Amino acid sequence: MQPPVLKEIGQSHSREFYRAVVGNSIDLIAVLDEEGTYTFVGDSVTAVLGYVPEELVGVNALSLVHPADLPGVQLALAGLLAMRQTTIPHFRFKAKDGEWRWLECTGRNMLHNEHVRGILTSARDVTAATQLAYDNDYHQAYYESLFFEHPDTVFTLNQKGEFQQFNKHLQTLTGYSESQLLGTPYTSLLHPDYLDVGAEAMQKVWSGEAHTIEVAILTQEGTVKYVSVSVMPVYFRDELQGAQGIAKDITEQKSIQRENEKLSLVASKTVNGVVIMNPAGKIEWVNDGFCRLTGYDRHEVVGHIPSELLQGSGTDPKTSKRIRSKYESRKPFSEEVLNYRKTGEKIWFYIDVTPIFDQEGNLQNYIAIETDITEKKEAEEKLVKMADDLYKHNLDLQQFTYIISHNLRAPVANALGLAQLINKLPKETANYDAVVQKLQGSIEQLDIVVKDINQILSLRESGRVASREKVHLKQVCQEVLQQFNHEFELSGAQVSVAIDPSFSLLSIRAYLYSILYNLVSNSLKYRSDTRPLKLEVRAERDKRGFVLTVSDNGSGMDMHLVQHQLFQLYKRFHPNTYGKGTGLFLVKTQVQALSGKIEVESAPDQGTTFKIYLGAKNV
């Protein structure tokens, strides 16, 4: 049962009037006893908290206060009971739906009033206002943190362009104190050369457009610093109030930029190729020299690894592996490497690579300088070829000297002696005819030697100028073996051929035929007397071209005795078998003319194996 709020009602208003006023008040009117228990609750509680008055009467109000706010409310209640001037802090109160509502409350001790007998309270729901204030404080905290704790200089200007507020970094940037800067126009800091730039930027800001500029300022010590400034207009209730800006010191970056521009100018104008790569070795930038040397445009190479882009089939794998290893070592290095232009044309580079590290020792970039040394390498190749030709010519001269001193001198001397003798003999005598026959034999022997010399010289010359054609190895081999079919049948020879029909190369067909012919002929000529001949001809592909192998089980040779004379002219190692001693000399000469090489393995009474390495790379 609710006690009456008023014991007596004035003449001008009825009891119902006051009850209606209290019940429909915007504020929640209530009365608490000394323990904080509700003895009266106004009808407005329904609109404020969702309760009906009867649900709260007899309930201790403190039980519905948020635990975090309870101490403050209890302290305020104690103050009211002690008749002290007391401010009740805002507190959260549990509504009927279980939500916490913020209340603003005032109280008055009316325990001694015989009409009230309690603590009269008037509470108002301020949840929305409290949340708004919280949000404002929250955002203000963020703003203040952004303003005062920002690593760069943050400032505000009034509409006159004067500093109103700024963080501590403006003092660090300029060297001026806070008192010197407050109320000072921003133009007082600008370098004279940038006054127009600053005025133009601020004009855009005052017209409502945010703007970023780079300007130079003068510090208190007169030092020039470069700053990047972003300035934006500040509006409040649609009216321009001033401007806010952020300034970043870019003096060091500008210095680095100027240095980079100088380096870039040097790099772009040099005739050498300059390549800048990231730590993974991928291209970030190349100069015009690189584009000119390789034929690639800059956008075509960015993001690629140079070796994958430029190296090709002719690049030495060992060189490529060595370059990769040196990149991984992160140490400066130099190398010569064969690369290819975009057109496929060969180009030799001398590369000089330097890794770039930051102050912490972390790899930042690789810089490579690439110099075109194609002419140098071609000159070196010509010198090597010239030296090889001279060496071969020297060997030829040695062979010719041997021919002249042994094979040519004897028949010439015999012919001269017989010519002198024939002049002294009568034609009618038998001795005369015998001398004529011997003279004819000496001249024929001389003719054979001259023909041999002519054949050797022809081989040397034709090997240099003869054109190559596509030659199938198996086809040439079969043509050679057909020439010896009759001898194979008579001797009971076993012949096997293991050559892939697809094996072909650019070569001189006549030379390949002659090489195989001489080797097969030797296998038949020097076969063993104790067992049938087994002859095997096979070809295998290797990484440089082809390896042509002719192997037999013939009489063989002692390589320790013959290896230094095996391919010399007129050298014979089987005195019981007829031969001139020119076959192997011609074989080696023809192999060399094909830019190949020949190897031999042999043992007495076991057989002989010749290996001929053919292909453009078997030089």
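Remarks
- Using a Förster distance of 25 Å, the FRET efficiency for S496-M559 (Cβ separation, nearest 0.05): 0.55
- Between the beta carbons of I443 and K318, assuming R0 = 41 Å, the FRET efficiency works out to 0.10 to the nearest 0.05.
- Taking 7 Å steps out from each Cα toward its Cβ at R258 and Q364 produces label points 1.8 nm apart.
- Compared with the direct C-alpha span, the chain from Q159 to A379 gains 71.6 nm at full extension, assuming 0.36 nm per residue.
- Additional length obtainable on full extension of the chain from R509 to Q241, 0.36 nm per residue less Cα span: 86.9 nm
- Entries in K346/K382; K346/K377; K318/K588; K543/K597; K382/K543; K326/K346 that, when Cα-Cα distance is taken, lie over 18 Å: K318/K588; K382/K543; K326/K346
- One decimal place: the segment E54-A387 gains 107.7 nm when fully extended, by the rule 0.36 nm per residue minus the C-alpha distance.
- Close amide H contacts of K597 (hydrogens built in the peptide plane, cut-off under 5 Å, sequence separation of 5 or more or a different chain): Y613.
- Residues of the stretch 15-132: accessible area per residue with a 1.4 Å probe, Å²: 56
- Rolling a 1.4 angstrom probe over the stretch 15-132 with all protein chains present gives an accessible area of which 55% lies on carbon and sulfur atoms.
- Solvent-accessible area of F610 with every protein chain in place, 1.4 Å probe, in Å² to the nearest 10: 20
- The 1.4 Å probe gives accessible areas that order K94, K474, largest first, as K94, K474.
- Put T39, T174 in order of accessible area, highest first, and with a 1.4 Å probe you get T39, T174.
- Accessible area of V57 in the full protein assembly, 1.4 Å probe (Å², nearest 10): 50
- Between the stretch 288-352 and the stretch 113-181, the Cα center-to-center distance that results, in Å: 62
- Cα extents of the stretch 273-402 along the three principal axes, largest first (Å): 72, 31, 20
- Cα-based reach from K225 at 21 Å (exclusive), listing lysines while leaving out same-chain residues under 8 positions away: K168, K248, K254, K262
- Label-to-label distance, A141 versus T106, with points set 7 angstrom from Cα along the beta-carbon direction: 3.1 nm.
- Estimated at the nearest 10 Å², the accessible area of V302 is 70 Å² with a 1.4 Å probe.
- Within the accessible area of the stretch 186-231 (1.4 Å probe), percent carbon and sulfur: 49
The values are calculated or read from the model by the stated rules, or taken from the named source; none is laboratory data. For clarity, every value in this text was computed on a predicted model and none was experimentally measured. Every residue, glycine among them, receives a Cβ derived from its backbone with ideal geometry; neighbour counts consider all protein chains shown. With ligands, DNA and RNA removed, areas are computed over all heavy atoms of the protein, side chains included. Shrake-Rupley method; radii C 1.70, N 1.55, O 1.52, S 1.80 Å.
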